[in-house]
Amino acid sequence: MLEDKKGFTIPNFNKPVTFINLGEIEEYFDYLLESGVVVTEKDYYVINLDAIGIEKLLGSGDINKKVKIYVRKASKKAIEKIKAKGGEVILVE
């Protein structure tokens, strides 16, 4: 006879995180602009990565445009590279 299992369940910490590199944003920038993911606001290009389901911004590659990016998480390297170009990263919850 089997008994009911009781006790604690382990939370799933292995949830995959969606991410994008700065180099990928630069590579697909024209497509993102045409599709409406990137919008212009004064002298910035605004990209809301959170709205399209991307959770983290990584610093691999380079971006040559002044951007304002909304994202849940960003690496220090990505933030530094964007600030060096006059842009900003806004972390949302």
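The values are calculated or read from the model by the stated rules, or taken from the named source; none is laboratory data. Since the structure is predicted, the reported quantities are computational estimates derived from the model, not experimental observations. Quick reminder, even Gly has a Cβ in these numbers, built from the backbone with ideal geometry, and neighbours come from all protein chains shown. The area values use the complete protein model at the heavy-atom level, side chains included, leaving out ligands, DNA and RNA. Shrake-Rupley method; radii C 1.70, N 1.55, O 1.52, S 1.80 Å.
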Name the residues in region 63-86 that are under 11 Å from L22 (Cβ atoms), open to solvent by 70 Å² or more (accessible area, probe 1.4 Å) and either touching a helix residue (DSSP H, G or I) at 6+ places or on another chain (Cβ under 9 Å) or of a type in the set (V, I, T) (or both), would you? N64, K77
Just to be sure I understand the filter: pairs with C-beta atoms under 6 Å, separated by 6 or more residues or on different chains, first member in region 47-58 and closer than 15 Å to K76 by Cα and touching a residue at least 24 places away in the same chain (Cβ under 8 Å), second member open to solvent by less than 50 Å² (accessible area, probe 1.4 Å) and assigned to a strand (DSSP E or B). Which pairs pass? L57/V71; L57/A74; L58/N21
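To keep it simple, each residue is scored yes or no on (1) more than 16 Å from the chain's Cα centre (by Cα); (2) of a type in the set (D, E); (3) under 23 Å from S60 (Cα atoms).
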| residue | (1), (2), (3) |
| --- | --- |
| L22 | no, no, yes |
| E27 | no, yes, yes |
| V38 | no, no, yes |
| Y44 | yes, no, yes |
